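A short worksheet on the structure shown next.
The values are calculated or read from the model by the stated rules, or taken from the named source; none is laboratory data. Every value quoted in this text rests on a predicted model; they were computed, and no experiment measured them. Please note: Cβ atoms are built from the backbone with ideal geometry, for glycine as well, and neighbour counts cover all protein chains shown. Accessible surface is based on the protein model in full, side chains and every heavy atom, while ligands, DNA and RNA are left aside. Shrake-Rupley method; radii C 1.70, N 1.55, O 1.52, S 1.80 Å.
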Amino acid sequence: MNQERIGKFISQRRKDLKLKQKDLADKLHISEKTISKWECGKGLPEVSLMQPLCKELNISVNELLNG
């Protein structure tokens, strides 16, 4: 798993859906800082957040992990 590639993928999907980091963070009940950390490649979503994140981004977990 490449954190940077996954982060860029999350960022691009979010932007494609015209969501701000705050919008996505609010939907997942987490902070904007957490979204930023993922998108900068400095961390990955916790396992418990992967399914809800994928639902909001309209992708599969497999797509997320492949970036």
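Annotations for the structure displayed:
- Shape call, the chain: gyration tensor on alpha carbons, a/c limit 1.5: rounded
- Under a model in which nothing but the beta-carbon of Lys, Arg (+1) and Asp, Glu (-1) is charged, the chain shows a dipole of about 200 debye around its Cα centre.
- Taking the helices alone, the chain has a mean residue ellipticity at 222 nm of -20000 deg cm²/dmol, built from -39,500 (n - 2.57) per DSSP H run of at least 4 residues and averaged over all its residues.
- The chain - percent of accessible surface contributed by carbon and sulfur, probe 1.4 Å: 48 percent
- For Gln51 and Lys8, the FRET efficiency from 1/(1 + (r/R0)^6), where r spans their Cβ atoms and R0 equals 30 Å, is about 0.90.
- The residues of the chain have, on average, 65 Å² of accessible surface per residue, using a 1.4 Å probe with all protein chains present.
- Modelled label reach - Asp16, point 7 Å along Cα→Cβ, region 39-61 residues with backbone N closer than 19 Å: 39-41, 45, 50-61
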